[in-house]
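Read-outs: derived from the displayed coordinates by stated rules, not from any lab. These figures come from a predicted structure and were not determined experimentally. Cβ sites come from the backbone with ideal geometry, for glycine too, and all protein chains shown count toward neighbours.
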Amino acid sequence: MPADKIYEDLSIVVRRATAVFHVLAVIVFLILAYYWKVQILDFKKFWTLAEANRTRTLILTAPRGLILDRNGVILADNKASFKVSLVREHLKSLRPKFPAISGVLGISEEELRDRIERYKSLPPYEPVIIKDGLEPEDIAPIEARRHEYPELEVAAEPKRSYPFKTLAAHVLGYLQERTQEEIRDNPARNLNVGDMGGGAGIERQYDEELTGRDGSVLEIVDSLGRGQEQISEQEATQGKDIRLTIDARLQKKAEDLLDGKEGVIVAFDPSTGEILALASDPTFDPNRFISRFSPEEWVHFINDPSSPLENRAVRGLYAPGSIFKLIMALGGLDAGYVTEQTTVFCSGAIMIYGTPRSCWFPAGHGSMNLPNAIKNSCNIYFYTLGRQMGIEPIDAAAAKLGLGELTGIDLPGEKEGLIPSPEWKQKTMKESWFPGETISVSIGQGQLQVTPLQIALMTAIIANRGVHPEPHLLLQTSAQAGRGRPDSSEAHAAEGVPPFKTSTFEAVIEGMWRSVNDHGTGQEARVEGMDVCGKTGSTQIVSKERAEMLAKAGKPIKTHSWFSGFAPRNSPRLVVTVLVEYGGGGGAVAAPLAGELFSLYRSLQGK
Amino acid sequence: MMIDRRLFREIDWTLAGLVLLISLLGVVFIYSSSHLLPSNYTLKQLFWIGISLVGLFLMTAVDYEFLVSYSIYLYILINAFLAGSLVFGRIVAGHKSWLSLGLMQFQPSEAAKVVMILVFARLFAGYKSPYLTSRSIAVPLVVGGIPLVLVILQPDLGTALTFVGVLGGGFILVGLRLRTILVFLALALVLGVGGWKFGLKDYQKKRLTTLVYPHQDPHGSGYQIMQSRIAIGSGGLTGKGFMKGSQSQLRFLPARHTDFIFSVIGEEFGFLGVFVLILLYLLMLARMFLSVGKARDRAGVYVVFMASMLIAFQFLINILMIIGLFPVTGVPLPFLSYGGSSLLSNFVACGLILNVKMRRFANV
């Protein structure tokens, strides 16, 4: 083929090349179809994403509601402070800047890294707060170098402040940064990352009321998170104010009385259930928790063996000691085991179930009737009564006076204590009940566990001759202010039948009156002209064997000292319960503290 | 002048015009996506288009036959450059593929694309049987393998991929039996698994996994894909308007004037813009591929076909990549993306096609 010499036959390769192009064209049209899907069918989805990309919501943190005492004294306030946040777009290019940033803000690089690691899962346009609680003068050097650190964002925020520092710390509680879980699980509450929320006490109990509604600013940003222009702004609304039943003056006195001790003072109005003072020592300053960055403070407080963060009034569990004799007396009288005039002879010791039991007064009280047995806190009388009654009626009486169950106070984390019973022992210890244990319970020892607030409530029920008040701390919120008293405590108190006959109460109250006013164990609580009625208790907190060993070694055995009482005898207005851990005798240590509080109350009422 | 007037008239002005049109459209979008950046990318790109045009016409001046026969020397030279850049190259974006030559920075791997076309054309022109034999496979595999390995070592997976495209295209043209295809597939599988296990760097693996799960890594390589998809998808039918794309104007879209320029078009001009541009590309590619029939000899066919494949392959990978159907491998959109080396090599490849086409008569 001569033509072959000039042009070879290329038809196969040309055909193949053309075929390749056709395949390619088909692929291109398939790709085009995919672009159709993304741009036309999924347009809405991507458009929304693009909008979310370009806009950012700046949160304007709402101030929390104030917390006031019953007379309007501000216990928890807000003051202006500044926080610095880090915008994390392009985090990789940001990492080399960490040393400089930590230098400017005075935080450690490690802390900075931890902080960013913690919020890794947040979308990158959400800034992470890396420093807070700054004063205006701290902000100036940062603002001056803003151009070097465009990724830092400075914003004002209201900061909680407790002007009286430790005053009523356990009532007020403290703030904690909200966890991501809390924010996620409460979508309706509109919480935001970095918000501070109630961590304990009233701050926690009424967190929803105290928390305001955060405002927001919608602004257009670039990919570095730099604001370009504002689109809309919604102002923050402050949370509701809360007025407590606490009287700051009584509270202050209670805390001063406890200063340097470990213990509790509760004072409340038995007719309404309003708590006037609730002090727990050792205490803490909630101002120290306000920063989001106080890990050392936390570790310090949590590791402190004296647990200053615990509110002992509602979470401390103690044996009631001789105060329990009031319950014995009520139960015994009411069920007819004894009458007011039944006497028991106290020789200072007694053999029960083959075990010698002694009275705290070794010489013996002699012949005791019920009021005098309360007045002198005679062990022998109540051992005898306990042996007569057996455990069930004792437990029933304790339950009627609110032991073994929550008082229902509006504070988080309250404990219910324990009234030991044969069933309970069988269930938890797989052992049967020994009669000797009943004897221990008769004087408030053994497995009995109560909180100081339960003792206060029990005292109030006695003072009210059976009417059960509901102890509470909330007087009113600002939302209720115009509508009078929403929480009509009297109504609560009125419901239910008195657990014991009125005469029974009168007999026991007579004993309590004598204890304070007739040279009984509670005489240190006496206030001239106030008719204080009360009962002391000294709780043995070590086993008998251990106590004997200590005694041999000549070391003092310190008991928990209790006093719980009310005044005046008729139409009582104040219940005071005092517990001093390792204080010694209740009459010597706890009773005088209660006396001082009663007398301050009297002088305040007199004004 | 080496080129006479008759030849000048034979130049496919339609193709040259399409290429220039696409390049100039690119300048418009580069302006839109980079006008906020400190450097003037628009002017730079215009300057490179000028240089590339000169390159294109210079490429038509010498008979491709001459270039093909001397391609072996170019091949040796380019491999030396590639090896040199491995040792002396400046690291740009994690690659060593930039070689600093005085004032100009130059990417030898871009030039290698053109040289590969010429070398393969020379090799394949000798294969006259209708199908590739096992013996005829070995030589091009070795010839292509050397620069391929050098490019992979840069490491520049994108360019390596276009090499494979060009070589694969060549093989198709030579003729593949089913058996050969199966062997290649098996080989690819082995290389793929082996490469994943031992060869790929972590960032490269991440790009592959990101393709399947872009939401797992919204800060890293998944970020690019997600932002690009958001840009394209939010463009809708008609787009947000020139210079009004929030994704590109507010800088959410990374590499928006280079590899991701097509996303800007998708965002600002919508599906209509995408459609028109893809159609323009298809027109240009048709013009290129169908020039195969105008070649006077086998070498010419291969030059045209592989040059067309080079551009088509980059085009395909890029429009797949920016919408999240292909890993982010750093393949620019030919003629449209910002970048001098890529622009020049693609113009030169186009010049080769023009060269073959204008010399279609053997007796010239």
Where trypsin sites (Lys or Arg not before Pro) in DSSP loops with at most 15 other Cβ within 10 Å are excluded, longest remaining stretch of chain B: B:1-127
Sequence-distant residues sharing a close amide H with residue A:197 (under 5 Å, placed H): A:176, A:177, A:178
Where labels lie 7 Å past Cα in the beta-carbon direction, separation of residue A:237 and residue A:367 in nm: 7.4 nm
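Ratio of Rg to Rh for the protein assembly as shown, alpha carbon only, Kirkwood? Don't skip to the end; give the middle numbers.
Details: Rg = 44.8 Å, Rh = 35.6 Å.
That ratio is 1.26, to two decimals.
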Cα long-axis angle, helix A:391-400 against chain A (0 to 90 degrees, to the nearest 10): 60 degrees
Degrees, to the nearest 10: A:11-36 long Cα axis against longest axis of chain A: 40 degrees
Partners for residue A:325 among lysines (Cα-Cα distance below 19 Å; same-chain residues under 8 apart left out): A:375, A:400, A:501, A:535
Residues whose placed amide H lies under 5 Å from that of residue A:81, excluding near-sequence neighbours: A:157, A:159
Label-point gap, in nm, between residue B:14 and residue A:349 - each point 7 angstrom along Cα→Cβ: 12.7 nm
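For chain A, calculate the relative contact order in percent as a whole number, restricting contacts to Cα pairs under 8 Å that are 6 or more residues apart. Kindly include the intermediate steps, with their values, before the conclusion.
Values: 1240 pairs, mean separation 81.7, N = 607.
Once normalised by length, the contact order is 13 percent.
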Pairs of Lys in chain B closer than 28 Å at Cα, counting only those 8 or more apart or on different chains: 21
Cα principal axis extents for the range A:55-244, largest first, Å: 54, 32, 28
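For residue A:114 and residue B:35, what does the FRET efficiency come to when R0 = 51 Å and r is the distance between their Cβ atoms, rounded to the nearest 0.05?
On the way: r = 40 Å, r/R0 = 0.79.
E between residue A:114 and residue B:35, to the nearest 0.05, is 0.80.
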Taking B:271, A:98 and counting other C-beta atoms within 10 Å, the order from fewest to most: A:98, B:271
Among the listed pairs A:45/A:120; A:261/A:430; A:261/A:552; A:131/A:240; A:252/A:415, those beyond 30 Å (Cα-Cα): A:261/A:430
Radius, Kirkwood style, for chain B when every pair of distinct Cα atoms is counted (Å): 21.2 Å
The range A:311-334 versus the range B:245-261: alpha-carbon centroid distance in Å: 75 Å
Nearest-0.05 FRET efficiency for residue B:138 and residue A:23, computed from C-beta distance (R0 22 Å): 0.25
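When a/c reaches 1.5 or more, the comparison of a/b and b/c decides; with that in mind, is the range A:40-85 rounded, prolate or oblate per its Cα gyration tensor? Don't jump to the answer; show the numbers that get you there.
Working: a/c = 9.71, a/b = 3.33, b/c = 2.91.
Because a/c hits 1.5 or more and a/b exceeds b/c, the range A:40-85 counts as prolate.
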Integer Hz, Karplus 6.51/-1.76/1.60 couplings in order for the range A:97-113, x for Gly and Pro: 7, 3, x, 5, 4, 5, x, 5, 8, x, 10, 6, 4, 4, 4, 4, 5
Exposure proxy order (Cβ contacts within 10 Å, fewest to most) of B:313, B:198, B:305: B:198, B:313, B:305
Label-to-label distance, nm, for residues given as residue A:406 and residue A:603 (7 Å Cα→Cβ offset): 3.9 nm
In order through the range A:430-436: 3J(HN,Hα) via Karplus (6.51 cos²θ - 1.76 cosθ + 1.60), integer Hz, x for Gly, Pro: 6, 9, 8, 6, 9, x, x
Amide H within-cut-off set for residue A:129, under 5 Å, with H built and near neighbours excluded: A:86
The range A:397-435-the range B:109-176 distance, computed between alpha-carbon centres (Å): 87 Å
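What dipole magnitude, in Debye to the nearest 20, does chain A give about its Cα centre under +1 on Lys/Arg Cβ and -1 on Asp/Glu Cβ? Don't skip to the end; give the middle numbers.
On the way: 67 positive and 77 negative charges, 160 e Å.
Using only the charged Cβ atoms, the result is roughly 760 debye.
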In sequence order, calculated HN-Hα J values of the range A:316-323 (Karplus, 6.51, -1.76, 1.60; Hz; x Gly/Pro): x, 10, 9, 6, x, x, 4, 4
